[in-house]
Amino acid sequence: MRVRLLLEWRISNTISMFNKVMNNKAKLLISECLCGVSCRYDGKDNLIEQLPLLKDTFDLVSVCPEVLGGLSTPRDPAERQGKRVCTANGTDVTDEF
C-alpha cells in the first residue's frame, strides 16, 4: 500500500511539474459570443469583461453551438416551448439546437 501511494504521488507530481513546464492550461469551452464574436441571434456579441482573466487561467476553446447546428446569424429569436425549440414566428428549430 505504501509503495502504491508513493508511486501515485510521484506520478501526480511529475504530471504537475510537466504541466507547469509546458504551460499547459485546462481547456475551457466558451460560447463565441462571450468572446466578442457577433454570432448571437441578433448579430451582436455578448463580450464579457472578465475574458482576459479567463485567458490567463484557461486555454479557451470558443464555439457557437447555434451556428454549428446550422443556424444563421442573424436569425429569429428562439425559445423552448415544452420539449421543442421554436422561433418567434413559429418555426421549429429543435434539431438545430
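The values are calculated or read from the model by the stated rules, or taken from the named source; none is laboratory data. All values derive from a computational prediction rather than experimental measurement. Cβ placement follows ideal geometry from the backbone for every residue including glycine, while neighbour counts extend to all protein chains displayed.
For this structure, a couple of remarks:
- Taking the stretch 37-61 as the range and being under 13 Å from the mean Cα position of the chain (by Cα) and free of Cβ contacts under 8 Å to residues at least 24 places away in the same chain as the test, the residues that pass are L51, K55.
- Qualifying residue in the stretch 15-25 (condition: on the phi > 0 side of the Ramachandran plot and modelled with pLDDT under 95): yes
- Criterion (surrounded by 11 or more Cβ atoms within 10 Å (Cβ to Cβ) and either at pLDDT 95 or above or assigned to a loop (DSSP other than H, G, I, E, B) (or both)) met by exactly one of D45, D95: D45
- Qualifying residues in the stretch 48-85 (those that are hydrophobic (A, V, I, L, M, F, W, C) and loosely packed, with under 13 Cβ neighbours inside 10 Å) - the one farthest from E96 (Cα to Cα): L53
- Restricting the stretch 48-92 to residues that are acidic (D, E) and outside any loop (DSSP other than H, G, I, E, B), the residue that is farthest from N24 (Cα to Cα): D92
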